[in-house]
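For reference, the structure discussed in these notes is given below.
Bear in mind these aren't lab numbers, they're just calculated from the coordinates by the rules spelled out. Just so it is clear, the structure is predicted and the values come from calculations on it, not from any experiment. Cβ: placed from backbone, ideal geometry, glycine included. Neighbour counts: every protein chain shown.
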Amino acid sequence: MTDATDVQAFEDGSAEDRELLGGKGANLAEMVGLGLPVPPGFTVTTEACREYLRTGELADDLWERIEHQVDALEEKMGRTLGDVEAPLLVSVRSGAPASMPGMMDTVLNLGIGSVAEEGLAAETDERFARDAHRRFVEMFGEIVLGIDADALAGVRDEVVADAGVDDASELDADQLADLIGRERDLVRGETGEDLPDDPREQLRAAIAAVFGSWDNDRARNYRRMEGIPDDLGTAVNVQAMVFGNRGQDSATGVAFSRDPSTGEPRPYGDWLRDAQGEDVVAGIRATEDLADLADEMPEIHAQLTDILQRLEEHYRDVQDVEFTVEDGTLWILQTRTGKRSAQAALRIAVDLVDEGVIDEDEAVRRVSPDDIDRLLHPQFDPEVDYEVLTTGLAASPGAASGEVVLTADEAARRGRDGDAVILVRIETSPDDVHGLDAARGVLTARGGLVSHAAIVARSLGKPAVCGADEVTIDLDAKTFQVGDVTVSEGEVISLDGATGEVVVGEVDLVEPRPEERFHLLLRWADERRRLGVRANADTADDAATAREFGAEGIGLCRTEHMFLGDRVPLVRRFVLASDDDERTDALRELESVQEEDFAALLEAMDGLPVTVRLLDAPLHEFLPDTEELVAADATGDLDDEGAALLDAVRTWAEVNPMLGTRAVRLAVLHPELYRMQVRALVKAAERRRGDGGDPHVQIMIPLVINGPETAAAIGWVREAIDEVDGEGVDVSIGAMIETPSAALLAEEIAGEAQFLSFGTNDLTQMTLGFSRDDVAGRVVQPYVDQGLLPVDPFQSVHEDTVGRLVRSAVASGRRGREDVDLGICGEHGGDPDSIRFFHDVGLAYVSCSPFRVPVARLAAAHAALAERDDDR
Ligand code: PEP
Ligand code: MG
């Protein structure tokens, strides 16, 4: 390690040195460079921290260099550590390169001991000096010497109780002296040694302790959550103390250059007169609004406002500043980029473009896909308190409150009556769609992010919390349980599908308000992205919503959803038919209802491509529950139709239906099913043309495994088009790449198909061998928690496996057909990280649920901008 870079005075650094000085140190250095009033100090760098973590000690030569800086600081301040005349006190604060608020330790008032206390008392007053002393003993005791915080609090409570006051801030000088004595006794009892009085000894130990706090559990967990590398280390900033609690001309506070909640372009903040920084955080007294500072300390307010503006101009972004006023003098202790709500992020980005501070590229970069997502869905009001009952997977964003119902029928009935209900199920199936549709939200105990409930909820834009495995349901008692809490049908619960939280009772929600700035920012995103964005939409309503959100077509219409509800008896007739005539009759009826569905869909997406996937569902999903039929059979309550249904259910039942007779395989057994759908679709398109519309139809074959099978299916499609004289309609025919086999044989499949669309839900399931419905919730999270998988592969495409298959299939698909159109319509199409990957591999479009379309538009622009930055 080089000597020059392990400790540095603030004036020798700059904001560029963030890796070395940490965020706080780099910004302090920058502010000193700008000539702002920053208490002097120096930074012991991350390099020194890494060395400390490697060796477990603060090396003597480093300490010598630190002492030089201390000497220089003493000279600058005209004060000396531990002096009786003019004592210098310092703060010792952590500050890592990545923001880790509150995760590591800080020691304030360092340098105080019996001598310095006397000196400080002479300058101020006895009570003030003793209060500073007891705060130091408490922090140093806990953080550096490892004394149990509760034990220290216990001593404090005793003294407070003996004095008959409410808290330590009301103790007088004598009582504080008593408290300090007792706290020092506790330290001696616990460690066998006196708390050191020598300030330099205090400093050496405090720097080591703050370095060590990089590795505390809290910091480690936070880094894991935020994806911050473990080897960065933290810097330590040693800075002259200034006191906001030195009387009525002193104060401390936090100020933002713009309102971090609404984004309004005016300073915003909280402050407290005669207080120290931690008092503001601890909420000991009610803080005052920054606007009041203008009345109470007008000069300070004007100076602070000016500094906020200068800092914002300098950093070209909203700043969050900590300040202290000591005896009428303003000091800036910290500045950093202000964290902001989604709404504020949007407003600030657009306003800064208007003000000429940043360009449109930068504005697009500054709004995150999560911000866009949050702006579209109501959420729990962050200002209110609530108690979380349990947490499941955040499966579909948005928040809702409603009465618990435990069956889909009940949800549908009550929902139709206008009641707000939440459907709570172990899991859902296509039988439950009417209930999902009528409920405000859904909670399931099992199932992951691509479980039935999650997909349907996202496509409906409803909140869902899935895989909440603490939930057990007792249908007889009409209750569900979490631990020893029982919630009955009819009781109100609330859930937030962006966080996975479930709460008993009603929680106030805040509503989304997409405004003009939202549309403007997304237009800027559109101008920058290369990926197209389509929607997964099954109905004309979904299609209309998707179009409003900017979808450029439908990338996946799952036609099986059109077979539900009042169509179920027709499907059953087809399955139960005893001969071809009966089967043909049933199909004819289905054909006419499908034609209407398609006509509405094509109208809603007129002029844009509509990708219709032919049926992909095991037929037994359309049959009633086996257990109910068996029970009726056992009690002799089964009529002839019931008996036929039971036979059919048994015939079609499969042990592993996801790998069974679904999708194109079913059509190999019954090609007439696909022919029927194609006829309905092409007739609808003809009608649309006749009405002066502009339909663009893409017919997609699901779950293919190779070229010959794809060729056969495309053959039935062409025959059906001929049957209805559909030559005039713009139709292209493609296949889904959602089996590993199809990915490996993409070349021969593209030889047959005009377009390929990756079905990454099935492709993930089959590549990793993780059932999307069974293990996703239960197994995947522990895998991610234990570092066995880098991400939930159903949420973000698993690049080493599924990603590799996609990449190679793109190349081989293009060998099969040079101009093959390539898209993705699995749930990953709405996931920002996956969108970056799909951009990089060169797909033409992603398709996602309607409410994810704006998110995907922004994420696609981010991918394009990142590529441009990388090329520079
Ligand atoms: C997929 O498998 O990724 C897909 C889009 O199809 P589904 O989710 O309907 O199986
Ligand atoms: Mg699929």
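Here are the numbers for the structure shown:
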item: Within straight-line cross-link reach of K339, lysines at Cα separation under 16 Å, skipping those fewer than 8 residues along the same chain; result: K24
item: The chain, relative contact order in percent, only Cα pairs under 8 angstrom and at least six apart counted; result: 9
item: Alpha carbon Rg of segment 237-327, scaled by the compact-globule rule 2.2 N^0.38 Å; result: 1.06
item: Rg followed by Dmax, in Å, when segment 503-658 is reduced to its Cα trace; result: 21.8, 67
item: Share, in percent, of DSSP beta bridges within the chain that are antiparallel, nearest 5; result: 60
item: Amide H contacts under 5 Å for G82, placed H, 5+ residues apart; result: L88
item: Whole-angstrom gap from segment 843-872 to segment 493-548, using each part's C-alpha centre; result: 16
item: Selection of GluC sites (Glu not before Pro), segment 816-872, meeting DSSP coil and at most 14 other Cβ within 10 Å; result: E818
item: Hydrodynamic radius of segment 569-697 per Kirkwood, over alpha carbon pairs, in Å; result: 16.4
item: Rg and Dmax [Cα atoms of segment 482-593; Å; Rg one decimal, Dmax integer]; result: 22.4, 61
item: Percent RCO, i.e. relative contact order, over segment 287-379, from Cα pairs under 8 Å lying at least 6 residues apart; result: 19
item: With eigenvalues of the C-alpha gyration tensor scaled by 5 and rooted, segment 84-243, Å; result: 29, 18, 14
item: Where only C-alpha atoms are counted, convex hull volume of the chain per residue in Å³; result: 197
item: Projected area, mean over directions - segment 297-346, Cα convex hull, nm²; result: 3.9
item: V724, V612, V465 arranged by Cβ crowding within 10 Å, fewest neighbours leading; result: V724, V612, V465
item: Cα-based equivalent ellipsoid of segment 663-726: semi-axis lengths in Å, sorted from largest, via gyration tensor; result: 24, 11, 9
item: More than 17 angstrom apart: percent of Cα pairs within segment 810-872; result: 41
item: Computed label-point distance, nm, for sites D167 and D833 using a 7 Å Cα→Cβ extension; result: 4.1
item: Tensor-based shape of segment 199-284 (alpha-carbon gyration tensor, a/c under 1.5 rounded, otherwise prolate or oblate); result: oblate
item: Cα-based reach from K462 at 14 Å (exclusive), listing aspartates and glutamates while leaving out same-chain residues under 8 positions away; result: D373, D437, D496, E511, D542
item: For q = 0.12, 0.28 Å⁻¹, Debye-computed log10 I/I(0) when each Cα of segment 618-680 counts as one equal scatterer; result: -0.39, -1.11
item: For M736, distant residues with modelled amide H under 5 Å away; result: I701, L703, V704, S757
item: Computed [θ] at 222 nm, helices only, for the chain once each DSSP H run of length n ≥ 4 contributes -39500 (n - 2.57); result: -14000 deg cm²/dmol
item: Linear extension gain, A644 paired with E201, 0.36 nm per residue minus alpha-carbon span; result: 150.7 nm
item: Gyration tensor (alpha-carbon) shape descriptor, segment 183-237, a/c threshold 1.5; result: oblate
item: Descending semi-axes in Å of segment 423-524, equivalent ellipsoid built from Cα gyration tensor; result: 28, 16, 12
item: All-pairs alpha carbon distance profile, segment 750-868, 5 Å steps from 0, percent; result: 2, 12, 21, 21, 20, 15, 7, 2, 1
item: Tensor-based shape of segment 260-376 (alpha-carbon gyration tensor, a/c under 1.5 rounded, otherwise prolate or oblate); result: prolate
item: Normalised alpha carbon radius of gyration of segment 354-409 [divisor 2.2 N^0.38 Å]; result: 1.74
item: Proxy reagent accessibility, fewest Cβ within 10 Å first, across F838, F140; result: F140, F838
item: Farthest toward positive dipole pole in segment 89-225 [+1 Lys/Arg, -1 Asp/Glu at C-beta], among A122, G192, S99; result: S99
item: Segment 411-474, relative contact order [Cα under 8 Å, separation at least 6], %; result: 31
item: Residues of segment 506-520 with amide N under 19 Å of a point placed 7 Å along Cα→Cβ from D381; result: 506-514
item: Total charge dipole magnitude, segment 444-511, about the Cα centre, Cβ charges on Lys, Arg, Asp, Glu only, Debye to nearest 20; result: 420
